[in-house]
Amino acid sequence: MRQSLQASYILHSRPYRNTSKLVDIFSREQGRRVLVARGARQQNSRLQGQLLPFIPLLLSWQGNGEVQTLTAAETGTQFASPNGQKLLTAFYLNELLLRLLARDDPHPALYDAYAQILQQLSESGDGQTEEAGLRMFECFLLQELGYGLVLDHEANSGEAIQADQIYCYQPEYGPLKLEFKRDCENGLPVHGYTLLTLQQGSLRAADTHTEHYDLILREAKTLMRINLAGHLGPKPLHSRELYIQQKQLLRH
């Protein structure tokens with residue numbers, strides 16, 4: 001089996017034996033794979049400095065079995081990598097893909113969405129724009145994996161979501177009409193306009209209810225977190241722990 005110049009990103013790499021690396025990649029046409037980059041840790045390796053995360057690459061590999069051999073790597077379209085606080089967000093994206101994507105299961109549309117949000121993170125922008133893009137990526141990721149959220153109708157009756165109605169969103173089931181927030185014991189109280197904004201596919205301030213924008217972002221963040229949690233399992237995300245530690249250091 002041989003693949004040539006496949007559009008890919010490095011999600012994670014780790015030392016392998018004395019001089020090599022194992023690299024988890026996300027390929028547009030081949031999905032998530034594990035490759036061995038033989039001799040990549042040697043100083044004279046042609047792969048030195050190329051197998052970096054968040055940079056579009058064209059990768060070639062060959063072999064059979066679960067782990068195949070990387071044979072070439074070329075840099076694809078050039079753009080700056082995320083840095084600073086945005087670097088932690090990018091690591092979070094990679095960790096989500098590593099934890100949730102099955103091997104050898106292509107998701108071209110998800111690959112394109114991942115490339116787009118990485119480009120957004122590499123550009124200058126405000127925190128709200130970054131957060132809005134992240135929420136939409138999480139929502140699309142769940143949809144691509146077959147766990148898409150119910151955003152346009154009430155789970156029991158099938159009635160269309162009403163913007164001014166409060167719902168109790170129950171993971172893996174959907175939104176239920178709610179009279180009082182205290183009645184939402186096994187889910188998240190969320191406004192209809194938050195669900196409808198996610199349904200329309202954009203959380204940008206220019207495209208949504210500006211008077212509710214901060215609330216929409218907060219509710220969308222919690223909604224994505226509780227729905228992702230059931231699929232991520234009990235093991236904590238390293239990127240989230242790093243983010244918490246950074247915030248604690250900044251307070252001091």
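The values are calculated or read from the model by the stated rules, or taken from the named source; none is laboratory data. Values in this document were obtained by computation on a predicted structure and should not be read as measured data. Because the Cβ atoms are built from the backbone with ideal geometry, glycine has one as well, and the counts that use them run over all protein chains shown.
State whether one or more residues within the stretch 33-47 are under 23 Å from Leu121 (Cβ atoms), surrounded by fewer than 19 Cβ atoms within 10 Å (Cβ to Cβ) and at pLDDT 95 or above. No, there is no match, as no residue in the stretch 33-47 is under 23 Å from Leu121 (Cβ atoms), surrounded by fewer than 19 Cβ atoms within 10 Å (Cβ to Cβ) and at pLDDT 95 or above.
Among the residues making up the stretch 25-44, those that are part of a loop (DSSP other than H, G, I, E, B), in contact (Cβ under 8 Å) with a residue 12 or more places away in the chain and either within 16 Å of Val67 (Cβ to Cβ) or among the polar types (S, T, N, Q) (or both) are Gln30, Arg38, Gly39, Ala40, Gln42. Here the stretch 14-29 is the region considered, the condition is being charged (D, E, K, R) and surrounded by 20 or more Cβ atoms within 10 Å (Cβ to Cβ), and the residue that is nearest to the chain's Cα centre (by Cα) is Asp24.
If you check Leu22, Leu47, which single one turns out to be without any contact (Cβ under 8 Å) to a residue 60 or more places away in the chain and either closer than 14 Å to Val67 by Cβ or assigned by TED's automatic domain parsing to the domain that holds Glu144 (or both)? Walk me through it before giving the result.
Numbers: Leu47 fails: either closer than 14 Å to Val67 by Cβ or assigned by TED's automatic domain parsing to the domain that holds Glu144 (or both).
When all the criteria are applied, what remains is Leu22.
Of the residues making up the stretch 139-163, those that are surrounded by 15 or more Cβ atoms within 10 Å (Cβ to Cβ) and hydrophobic (A, V, I, L, M, F, W, C) are Cys139, Phe140, Leu141, Leu142, Leu145, Leu149, Val150, Leu151, Ala155, Ile161.
Considering only the stretch 68-124, state which residues are hydrophobic (A, V, I, L, M, F, W, C), buried (at least 17 other Cβ atoms within 10 Å of the Cβ) and more than 15 Å from the chain's Cα centre (by Cα). Passing the criteria: Leu70, Ala73.
Specify which of the listed residues (His212, His191) is within 13 Å of Leu151 (Cβ to Cβ) and at pLDDT 85 or above. Within the list His212, His191, the selection yields His191. Lys235 passes every criterion in (1) surrounded by 14 or more Cβ atoms within 10 Å (Cβ to Cβ); (2) modelled with pLDDT of 85 or more; (3) among the basic types (Lys, Arg) apart from (1).
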